[in-house]
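Participant: Got a structure for you, written out below as structure tokens; questions coming shortly.
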Amino acid sequence: MKKIKFIGLFLVLAFVSSLVNAAEMKVGVVNAAAVLDQSPQKAKALAKLEKEFTARSKSLEKKMKSLRTKQEKLAKDSAILSSDELKTRERKLISDQRDLKRLQDEYAEDLSIRRNEELRKLEQEIAKTIIDLAKKESYDIVVYQGVIYVSERADMTDRVLTILKGK
């Protein structure tokens, strides 16, 4: 019986000491979505992508307008064209449509790849900023993603954003 009391007392003491140690731990939480959305680096990355892809976008728009013009002209001229000439122009128009579709698909794929590259760089910069801040302010644990609730006292999001805006 004394052994059971001793083991019970030991377990209670171990539990209490772990609670005391947990109370001394400094825990921080960073809202990943808020940091990503509000960081000035995201706006800069999106502007960079827009600048990089503007020429291709305008080229695609120009080709779409040209294709529409050809379609309208064919619709108007179809009554006066011979059967063979009409088929030839329709085939050419279909070929042009395929080419435009391929160019649009390539554009969308290239843009997506570049956007993912820029976001990956931004996420790495954010992670480095969080780690640096955690070390500077002596945090024991920092949770960056997957948080369902956090008190304002433990939320580091604003401090991380302040540092990112200062870069």
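Participant: Can you pull a Stokes-Einstein diffusion coefficient for the stretch 57-115 at 10 °C (1.306 mPa s), Rh from Kirkwood over Cα pairs, as a whole number of µm²/s? Can you show the working numbers first?
Facilitator: Working: Rh = 12.8 Å.
Rounded, D is 124 µm²/s.
Participant: Using the count of nearby Cβ atoms within 10 Å as a rough guide to exposure, how do TYR144, TYR139 rank from fewest to most? Walk me through the numbers before you get to the answer.
Facilitator: On the way: TYR144 20, TYR139 17.
If I rank by nearby Cβ atoms, fewest first, I get TYR139, TYR144.
Participant: Same structure, new question: For VAL35, VAL30, what ranking results if the residue with the fewest other Cβ atoms within 10 Å of its Cβ goes first?
Facilitator: On the way: VAL35 23, VAL30 26.
Arranged by neighbour count, lowest to highest, VAL35, VAL30 become VAL35, VAL30.
Participant: I would also like to ask the following. For LEU60, LEU81, which order do you get if you count the other beta carbons within 10 Å of each Cβ and list the fewest first?
Facilitator: If I rank by nearby Cβ atoms, fewest first, I get LEU81, LEU60.
Participant: Given the pairs LYS48/LYS121; LYS128/LYS165; LYS44/LYS136; LYS128/LYS167; LYS65/LYS101, which span a C-alpha to C-alpha distance of over 20 angstrom in this model? Walk me through the numbers before you get to the answer.
Facilitator: On the way: LYS48/LYS121 13 Å; LYS128/LYS165 14 Å; LYS44/LYS136 27 Å; LYS128/LYS167 13 Å; LYS65/LYS101 13 Å.
Going by Cα-Cα distance, LYS44/LYS136 fall outside the 20 Å limit.
Participant: With a sphere of radius 12 Å drawn around the Cβ of VAL27, what net charge do the other residues whose Cβ falls strictly inside it have (Lys, Arg +1; Asp, Glu -1)?
Facilitator: Values: positive: LYS26, ARG153; negative: GLU24, GLU137, ASP140, ASP155.
With Lys, Arg at +1 and Asp, Glu at -1, the net is -2.
Bear in mind these aren't lab numbers, they're just calculated from the coordinates by the rules spelled out. Values in this document were obtained by computation on a predicted structure and should not be read as measured data. All Cβ positions, glycine included, derive from the backbone under ideal geometry; neighbour counts span all protein chains shown.
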